[in-house]
Amino acid sequence: EPSLSIVTFRLQPPGVDGTELNELNQRFLKQINASRDVYLTATELDGRLTIRICVLCFRTHLERLQLCLERIRDAAAALTQ
């Protein structure tokens with residue numbers, strides 16, 4: 001039986017914390033969404049900016065989720081090099 005879900009995550013490279021880490025994750029989110037073929041949102045949990053993947057449609061295909069993961073990997077690589 002299909003179920004809908006929300007997954008939260010954040011980019012957390014070594015040596016980056018606090019406000020700087022929240023700002024990095026805001027840039028991370030913008031970088032992911034810049035492709036305009038996936039759209040993620042953010043929330044604040046315990047003062048930490050956290051990025052969310054929310055699958056709203058039970059008909060979402062695996063290929064779409066793989067594309068989303070590719071965008072996340074590309075953005076992470078771009079921001080941590």
Starting from residues that are part of a loop (DSSP other than H, G, I, E, B) and open to solvent by 90 Å² or more (accessible area, probe 1.4 Å), keep the ones in the stretch 31-53 and report whichever is nearest to Gln12 (Cα to Cα).
Asp46
Inter-residue pairs, beta-carbon under 7 Å, first farther than 30 Å from Gln81 by Cα and at pLDDT below 95 and in the stretch 1-13, second loosely packed, with under 11 Cβ neighbours inside 10 Å and among the hydrophobic types (A, V, I, L, M, F, W, C), 6+ apart:
Pro2/Phe58; Leu4/Leu56; Leu4/Phe58
Given the criterion under 11 Å from the mean Cα position of the chain (by Cα) and not charged (D, E, K, R), identify the matching residue among Leu56, Leu69, Leu79.
Leu69
Kindly check whether there is at least one residue in the stretch 54-72 that is touching a helix residue (DSSP H, G or I) at 6+ places or on another chain (Cβ under 9 Å), touching a residue at least 12 places away in the same chain (Cβ under 8 Å), open to solvent by 80 Å² or more (accessible area, probe 1.4 Å) and closer than 15 Å to Arg10 by Cβ.
no
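The values are calculated or read from the model by the stated rules, or taken from the named source; none is laboratory data. The model shown is predicted, which means the values in this text are computed figures rather than measured ones. Reconstructed Cβ throughout: ideal geometry from the backbone, glycine too, with neighbour counts over all protein chains shown. Only protein heavy atoms, including side chains, enter the accessible area calculation; ligands, DNA and RNA are left aside. Shrake-Rupley method; radii C 1.70, N 1.55, O 1.52, S 1.80 Å.
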